[in-house]
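One structure is given below, encoded as structure tokens.
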Amino acid sequence: MPKLLECNPMLRTTDMRATIRFYTELLGFRLHSAWPEHEPCWCDLARDTISVMFYTQDPHDTGPTAMTGRLYFRTDDVMTIYNSVKDKAEVFEGPEVHFYGMKEIAIRDPNGYTLVFAQPTDEPPTCKPE
């Protein structure tokens with residue numbers, strides 16, 4: 001089997017400007033690429049080794065905007081991320097330590113997507129498994 005090298009989610013947005021602003025100003029991503037440049041309908045946002053793309057229209061994508069699941073970002077300092085976003089974004093989970101050894105927070109982006117930031121830890125669990 002060929003090796004898979006990376007996964008870059010491409011998600012729909014109805015407000016490209018708000019999405020770019022959220023990811024760049026709040027989460028430290030940079031606008032890697034956008035097309036067209038002045039009124040983009042597609043963009044690639046990057047930070048460290050992570051890339052997330054957004055689009056506003058695709059003639060082949062006629063279904064409703066829906067994503068079941070979460071974007072799960074591993075980090076080396078979840079509490080710094082928590083402290084930088086807690087007053088500017090909806091933090092609806094955490095910080096908490098799960099039984100599987102991860103300290104996590106979960107926030108929503110302007111599109112309603114769930115972003116989880118997680119860090120391995122030896123701390124005892126602070127929440128019960130569901």
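The values are calculated or read from the model by the stated rules, or taken from the named source; none is laboratory data. The structure presented is a predicted model; accordingly, all values stated were derived computationally and were not measured. Cβ: placed from backbone, ideal geometry, glycine included. Neighbour counts: every protein chain shown.
Among the residues of the stretch 109-130, just one is within 16 Å of the chain's Cα centre (by Cα) and either over 24 Å from MET53 (Cα atoms) or exposed (fewer than 14 other Cβ atoms within 10 Å of the Cβ) (or both), namely GLY112. Would you confirm whether any residue within the stretch 108-119 is outside the structural domain of THR19 (by TED's automatic domain parsing), out of contact with any strand residue (DSSP E or B) (no Cβ under 9 Å at 6 or more places or on another chain) and touching a residue at least 60 places away in the same chain (Cβ under 8 Å)? Taking every residue of the stretch 108-119 in turn, at least one turns out to be outside the structural domain of THR19 (by TED's automatic domain parsing), out of contact with any strand residue (DSSP E or B) (no Cβ under 9 Å at 6 or more places or on another chain) and touching a residue at least 60 places away in the same chain (Cβ under 8 Å). Out of curiosity, is HIS38 more than 30 Å from PRO124 (Cβ to Cβ) and of a type outside the set (Gly, Ala, Ser)? Judged against the criteria, HIS38 is a match. Determine if the stretch 10-33 includes at least one residue that is of a type in the set (Ser, Thr, Tyr) and assigned to a strand (DSSP E or B). Looking through the stretch 10-33, at least one residue is of a type in the set (Ser, Thr, Tyr) and assigned to a strand (DSSP E or B).
Could you tell me whether any residue of the stretch 104-115 is under 20 Å from ARG47 (Cα atoms) and among the hydroxyl-bearing types (Ser, Thr, Tyr)? Within the stretch 104-115, one or more residues are under 20 Å from ARG47 (Cα atoms) and among the hydroxyl-bearing types (Ser, Thr, Tyr).
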